[in-house]
Amino acid sequence: MVLLHVLFEHASGYALFAVKEVEEIGMLLPQVEESVLSIGKFNSMVSLAAFFPFKSAQAALENMNAISEGLVHADLKLFLETNLPRSGKKKAVLGVSDAKIGAALQEEFGISIQTGGVVAEIGRGVRLHFHSLVKGLTAHAASKAQLGLGHSYSRAKVKFNVNRADNMIIQSIALLDQLDKDINTFSMRVREWYGYHFPELIKIVSENSMYCRLAQLIGNRKELTEESLESLEEVVMDNAKAQAILDASRSSMGMDISPIDLINIERFSNRVVSLAAYRLELQEYLRSKMSQVAPNLAALIGEVVGARLISHAGSLTNLAKYPASTVQILGAEKALFRALKTRGNTPKYGLIFHSTFIGRAAAKNKGRISRYLANKCTIASRIDCFSEIPTSVFGDKLREQVEERLSFYETGEVPRKNVEVMKEAVKEVDNEKIVKKKKRKQVAEETEVQAEEIPAAENGAGETPSKKKKKRKAEEAEDAVVTDNRDEETDTPAKKKKKKTESVDTEPTESLFLCTAFFFIIVLVI
């Protein structure tokens, strides 16, 4: 005989249900599905064995977090140890809805766990009639507890998201790509629109942002004179090109333009210029963010390519979990599956193709260097993900290794071993830590000196900081001398006492002799 108990986790607490006639239920699964809807039939199959209410909302949140991570909380362990029967003729089986928590419970208690099948249907019925099976619990209170726990759980997940630092990089690189597309589209629109009036400017200036700035600056080409040559030079940064623009404006074959059309073109050009300026700011922000989150990956492969890898993987943690073979073709999934379907050659690289290393390698070595670079990217991402203190030392060393491998392919010069390079990197990191500690100590000492100097300045001491330092050193030296003298006095107290007594004894005799001598001199004079 089998004694089946089903564990049910609710927002209000843990519940343990005893299931009657397990063999018959297993044989008649369709009948179980039908009887779930009726509370009377379901009560004849399932009875409440024990219920453990949560003491507070915080306790409920802690238990739900543990269950979602597949861990056995102390409350759940105590509840099952108290209420789950293990001894007897019938074999005890515990049914759970999640296989992950089931494996943790099996490892903790050593009992047989059942998931799916009948347990899933019984769990569905318990979820439907839970407020009726537990005495003192209403449907309104159960729904209120579920709503509160759902808000707390979601808030905690958003607040303690381990990938929250990566989210800014993912959004930044996505916005950067979108801005590139939009600026390119808008610049082409400005070229086409302003080209009706000044078509020769397109051939002279090819850069999109510079063309928009010139369209905003020139306006009506007929108003362009020699006085505006300096402003043109500031934009194009070339005297000959500015002169060519001035000459082309005088002999242009473009159509005349009305003031209202010119105002709209200038406004649109202003928007495109502001977007281009914002793109530069966003790229600088992405560079600073990558130096904080993934400094080694940024030092190895660049900020933009590293951000694309993180974005494509979903987070830095996911990228660190990938093997080097996956990182190598990350971004070329369509080509990979097409090659597998047609039994052709698989792609050699994906997003890492945008790195400068692959472009510098010869055609026959592109696959080899991409495999080597993917290996180093995997190492860099794992160091960035799991290291506590962010540093770019390992990324610089890995970059040197890739450079050495490139030179090995070209010249045959044998590169250094990875163990040697990593030992050097570890030494540099230790040296950086020592230097940082010294700097912190020095800053702390300077702040202490400044804190001591401020009250002295308030008291009216008009001395310079250098004089104050000298005075402070002199005082310290005097204190040292005084302490030395005191030490000597403590060493020979008896001698000092004798000398003092002798001096005390001689002093009255000397004074008496002087008084008598002075008296005799006065008498002789008289």
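The values are calculated or read from the model by the stated rules, or taken from the named source; none is laboratory data. Not measured: the values here are computed from a predicted model. With ideal geometry, Cβ positions are generated from the backbone for all residues, glycine too; neighbour counts draw on all protein chains shown. Calculation scope for accessible area: heavy atoms of the full protein, side chains included, ligands and nucleic acids excluded. Shrake-Rupley method; radii C 1.70, N 1.55, O 1.52, S 1.80 Å.
Overview of results
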| quantity | calculated |
| --- | --- |
| Cα→Cβ-extended label distance, 7 Å offset, between Thr346 and Ala103, nm | 2.6 nm |
| Anisotropy class of region 4-158 from Cα gyration tensor, a/c 1.5 cut | oblate |
| Contour excess over end-to-end distance, with Cα ends at Lys20 and Lys203 and 0.36 nm allotted per residue | 57.2 nm |
| Cβ crowding within 10 Å averaged over residues, with 301-309, 246-254 ranked highest first | 301-309, 246-254 |
| Förster radius 51 Å - calculated FRET efficiency between Thr82 and Thr317 (Cβ-Cβ, nearest 0.05) | 0.85 |
| Distance (nanometres) between label positions extended 7 Å along Cα→Cβ at Ala339 and Asp247 | 5.2 nm |
| At 1.002 mPa s and 20 °C, Stokes D of region 86-219 from Kirkwood alpha-carbon radius, µm² per second | 97 µm²/s |
| Entries of Lys376/Lys441; Lys289/Lys438; Lys157/Lys289; Lys341/Lys366; Lys348/Lys417; Lys397/Lys438 with Cα pairs more than 32 Å apart | Lys376/Lys441 |
| Stretchable slack from Arg360 to Asp182, in nm (0.36 nm times residue separation minus alpha-carbon distance) | 61.1 nm |
| Ranked by how many other beta carbons lie within 10 Å on average, peptides 267-276, 398-407 from highest | 398-407, 267-276 |
| Asp98 - accessible surface, heavy atoms, 1.4 Å probe, Å² rounded to 10 | 60 Å² |
| Whole-percent pair-distance distribution, where bins are 10 Å wide, for the alpha carbons of region 295-432 | 12, 41, 33, 11, 2, 0 |
| Nearest-0.05 FRET efficiency for Glu34 and Ala92, computed from C-beta distance (R0 30 Å) | 0.60 |
| Prolate/oblate/rounded call for region 262-375, Cα gyration tensor, a/c under 1.5 rounded | prolate |
| By average C-beta atoms within 10 angstrom, highest first, the peptides 35-42, 258-265 | 35-42, 258-265 |
| Anisotropy class of region 167-283 from Cα gyration tensor, a/c 1.5 cut | prolate |
| Ser47-Asp430 FRET efficiency (beta carbon distance; Förster radius 56 Å; 0.05 resolution) | 0.30 |
| Stretch gain in nm, segment Tyr196-Ser68, where the contour uses 0.36 nm per residue and the Cα spacing is subtracted | 39.7 nm |
| Separation of the Ile389 and Met255 label points, Cα + 7 Å toward Cβ, nm | 6.8 nm |
